[in-house]
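Working notes, structure below.
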């Protein structure tokens, strides 16, 4: 839930940056991409700096909890960097979508079993409320990375002609 709030707030800040003349923020995919990259950097580094916060979220049926927490942080960091590089943007978006699908069973496990995690509410409804946002996060990654939605944001609008020369 915090992740989706970060995405929305950072996207709105990027839109403000565009209005103030910051380069590279024209269009919603660019703003959403920057927001997702920054949110993933924040969360990815948090996985590495405070892995103990994520250990209670790990289902018992998964082995190697600490290495998995560190690995998921690495996935988030790699995805953030990949989104920012034009040559890896689409691949990073696709891999992030796959990553968000893979962590969804753990989110279901958390909703079913309840948790007490530092920095998150200890009420079970919070973990149920998070579940419907997972598909939105997947779509966000795919749209921001140019995998779905309008292709070629720099393409000419319909009805205009490009000069031949």
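Just a few scattered comments:
- Any chance residue 19 is touching a residue at least 12 places away in the same chain (Cβ under 8 Å) and at negative phi: no
- Within segment 118-135, the set of residues being assigned to a helix (DSSP H, G or I) and either over 19 Å from the mean Cα position of the chain (by Cα) or closer than 14 Å to residue 57 by Cα (or both) comprises 124, 125, 126, 127, 128, 130.
- When the criteria are applied in full, residue 119 meets the requirement of being loosely packed, with under 13 Cβ neighbours inside 10 Å and either modelled with pLDDT under 95 or touching a strand residue (DSSP E or B) at 6+ places or on another chain (Cβ under 8 Å) (or both).
- Residues of segment 83-115 classified as farther than 20 Å from residue 134 by Cβ and either part of a helix (DSSP H, G or I) or touching a residue at least 12 places away in the same chain (Cβ under 8 Å) (or both), total: 4
Table: residues versus (1) surrounded by 15 or more Cβ atoms within 10 Å (Cβ to Cβ); (2) under 22 Å from residue 106 (Cβ atoms); (3) under 18 Å from the mean Cα position of the chain (by Cα).
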site	(1), (2), (3)
3	yes, yes, yes
8	no, no, yes
18	yes, no, no
26	no, no, no
29	yes, no, yes
33	yes, no, yes
54	yes, yes, yes
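- Residue 59, sole failed condition from (1) more than 25 Å from residue 121 (Cα to Cα); (2) in contact with a helix residue (DSSP H, G or I) (Cβ under 7 Å, 6 or more places away or on another chain); (3) outside any helix (DSSP H, G or I): (1)
- Residue ID - modelled with the lowest pLDDT, chosen from residues in segment 6-22 that are touching a helix residue (DSSP H, G or I) at 6+ places or on another chain (Cβ under 9 Å) and either in a loop (DSSP other than H, G, I, E, B) or under 27 Å from residue 123 (Cβ atoms) (or both): 22
- Residue check for residue 147: at pLDDT 95 or above and surrounded by 15 or more Cβ atoms within 10 Å (Cβ to Cβ): yes
- Which numbered condition residue 135 misses (of (1) more than 19 Å from residue 28 (Cα to Cα); (2) without any contact (Cβ under 8 Å) to a residue 40 or more places away in the chain; (3) loosely packed, with under 14 Cβ neighbours inside 10 Å): (1)
- Restricting segment 35-52 to residues that are in a helix (DSSP H, G or I) and over 18 Å from the mean Cα position of the chain (by Cα) leaves a set whose member that is surrounded by the most Cβ atoms within 10 Å (Cβ to Cβ) is 51.
The values are calculated or read from the model by the stated rules, or taken from the named source; none is laboratory data. These numbers were taken from a predicted model, which means no experiment stands behind them. Because the Cβ atoms are built from the backbone with ideal geometry, glycine has one as well, and the counts that use them run over all protein chains shown.
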